[in-house]
1. Going residue by residue through the range A:45-54, is there one that turns out to be closer than 30 Å to A:GLU152 by Cα and either at pLDDT below 90 or more than 10 Å from chain B (Cβ to nearest Cβ) (or both)?
2. Looking only at the range A:168-208, filter to residues that are among the hydroxyl-bearing types (Ser, Thr, Tyr) and in contact with a Gly (Cβ under 8 Å, 6 or more places away or on another chain); which one of those is farthest from A:ASP115 (Cα to Cα)?
3. Considering only residues that are farther than 30 Å from B:PHE135 by Cβ and of a type in the set (S, T, N, Q), look in the range B:28-42 and name the one that is nearest to the other protein chains (Cβ to nearest Cβ).
4. Conditions: (1) modelled with pLDDT of 90 or more; (2) surrounded by fewer than 17 Cβ atoms within 10 Å (Cβ to Cβ). B:TYR80 meets all but one. Number of the miss?
5. For the range A:121-167, give me each residue that is crowded, with 17+ Cβ neighbours inside 10 Å, in contact with a Gly (Cβ under 6 Å, 6 or more places away or on another chain) and part of a loop (DSSP other than H, G, I, E, B).
6. Taking B:LEU131 and the conditions (1) modelled with pLDDT of 90 or more; (2) crowded, with 17+ Cβ neighbours inside 10 Å; (3) more than 8 Å from chain A (Cβ to nearest Cβ), which numbered condition does it fall short on, given that it satisfies the others?
7. Any idea how many residues of the range B:43-89 are touching a Cys at 6+ places or on another chain (Cβ under 8 Å), facing chain A (nearest Cβ under 9 Å) and among the charged types (D, E, K, R)?
8. Does A:LEU328 satisfy the condition of being assigned to a strand (DSSP E or B) and in contact (Cβ under 8 Å) with a residue 24 or more places away in the chain?
Amino acid sequence: MNTKQNIIIVVLCTIASVCVIVALYAISPLTEGVYRGSFKRNLIYTPLVSLSELNLGVNSFYIAGIDDSRIYLGNYTAPLHMLSTNHQLLDSQHVRLELGLDSVQSFQRFRLSVDSPFFFLTHGIMPEYLRGHLGIWKATRLFPSAKDYSSEAQPINTGSLIMKSLSTETKSLELAIKTGAHPLRFNNSLLNKQVDGIFCLDGKLLYDKAKAQIVYIHYYRNEFLVADTSLNLILRSHTIDTFSRAAIKLSKKLSGGESMLAAPPVKINTNGAVYNSKLFVVSSLLSRTEDMHDFLTNTVIDIYDTSENRYVKSIYIPDKGSDKVSSLAVYKDKLIAITGNYINIYDIPEEIIN
Amino acid sequence: MKRFIPSRSLLVDIICMLLILLFVYAALNKVMEFNKFQAQIGKSPLIMRYVPIISWLVPSSEIMISLILLLPKFRVYGLYMAYSLMLMFTLYIGFILTFSPYVPCSCGGILNNLGWSQHLVFNFAFTLIALSGTFLIKPFKSESKTTASGELNLGS
């Protein structure tokens, strides 16, 4: 055959290959619409008032803590870099924290948490739990020789940590409390496994300092729970959506004892914040009568009252371009959110606080 | 006198060997860690619905094309198939990098160490290699066949 015939065949092959990929795309979930849940939201449509805004320059900051005078931010890519501002997002100060350790592994794993007058740096894998004073900026070990591995660690009071750790007894993730040199004390009745006890229990640990309570939000199911700082269960309740079972698909047996997801998990609740019994949950689900475009251009937050165990209302926080809210915190009547490179302080509508 | 160009058929041999090497290596990697491979493609938005079919189809196509490339008589078809397959792989990666809301993890042994954009370049390079093979390969003729002008044409 000659070159001309060859070109024709090559062109035909090219068209066939392109068609296959285009066909795969056309029948993939990417061309389906957004899933609409059967639950209803009580939305406050009046836009939130942004009291102050600050361009952080990068999108790697998260809210590490708030006190009466300042807001403290940690950074995912530079774990020892702390930024603090006042409540008007002015007077920003950058601090380089000092780590009182000889050696470090997976350095980027360190997470900053601030509970005035202390700041905490936790690393669940080394594991290391360090604390320092705000103003002196040097962190030293809280527990001398502990080997308590955790996937999340939240400081409460001033010397204890609530941890999400793997229990050897139940072989799944459980909440536990670590105080001083005492061993980790588990409460295995709080987190209940549905699929594998690890992926299916993924969620976020929140600390309601005003009420001295712990809230745990599940990412893949509509359940959240409230406990006191000794891990006694106060309330087990549901978010307004209807997904009560985690849609987690695990791979079949892998070599090396690994466990892997075999399909993208359906994330129901993605983030949260709590203050004085008002629980703010970032939801990823479109509700029954909600406007699709509004949903896609805002981050929707469902608000619950944990002391009365009821759903209050829902609000929208506007996206910045294609960026949704990545970090959220609540303090008194203010909502602080990091969206893309920006941090904003919003006024919480009256009807929610009362 | 017909010019004998040894370098051209040598190039085709090298191209075919490279393709066979790539496909056999990639197919074996997938088959040896089959559950992991299935879990990885299960997370890809483009193909997650067809995991059972694709997890079987891709490695077997790779092996089949390798076998076809080994047979001188059918090499040219193998080269067309190799080109089409590599083009699909390249387009798939290009699609994931531009249109997908998230990037699923990659698979393939040593190729795992490549980032996604490097993998794109790698696949594109092999697509071109297969393509040039189709242009370089001369039609297969059995030995001792005389051409129209009466000269001896040995092999291809």
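1. We begin by selecting, within the range A:45-54, every residue closer than 30 Å to A:GLU152 by Cα; these are A:53-54.
Now restrict to residues that are either at pLDDT below 90 or more than 10 Å from chain B (Cβ to nearest Cβ) (or both): A:53-54.
Yes.
2. Here is the first cut: in the range A:168-208, the residues among the hydroxyl-bearing types (Ser, Thr, Tyr) are A:168, A:170, A:172, A:179, A:189, A:207.
Next, only the ones that are in contact with a Gly (Cβ under 8 Å, 6 or more places away or on another chain) stay: A:170, A:172, A:179.
On the way: A:THR170: 31, A:SER172: 29, A:THR179: 16 Å.
Taking the candidates together, the pick is A:THR170.
3. Step one: list which residues in the range B:28-42 are farther than 30 Å from B:PHE135 by Cβ, which gives B:31-42.
Imposing the further condition that a residue be of a type in the set (S, T, N, Q) reduces the set to B:35, B:38, B:40.
Working: B:ASN35: 4, B:GLN38: 7, B:GLN40: 8 Å.
Within the range B:28-42, the match that is nearest to the other protein chains (Cβ to nearest Cβ) is B:ASN35.
4. Against the list (1) modelled with pLDDT of 90 or more; (2) surrounded by fewer than 17 Cβ atoms within 10 Å (Cβ to Cβ), B:TYR80 comes up short only on (2).
5. Across the range A:121-167, the qualifying residue is only A:SER150.
6. Exception for B:LEU131: condition (3).
7. 1
8. Values: assigned to a strand (DSSP E or B): yes; in contact (Cβ under 8 Å) with a residue 24 or more places away in the chain: yes.
It is true that A:LEU328 is assigned to a strand (DSSP E or B) and in contact (Cβ under 8 Å) with a residue 24 or more places away in the chain.
The values are calculated or read from the model by the stated rules, or taken from the named source; none is laboratory data. Just so you know, these numbers come straight off a predicted model, no measurement behind them. Ideal geometry is used to build each Cβ from the backbone, glycine not excepted, and the neighbour counts take in all protein chains shown.
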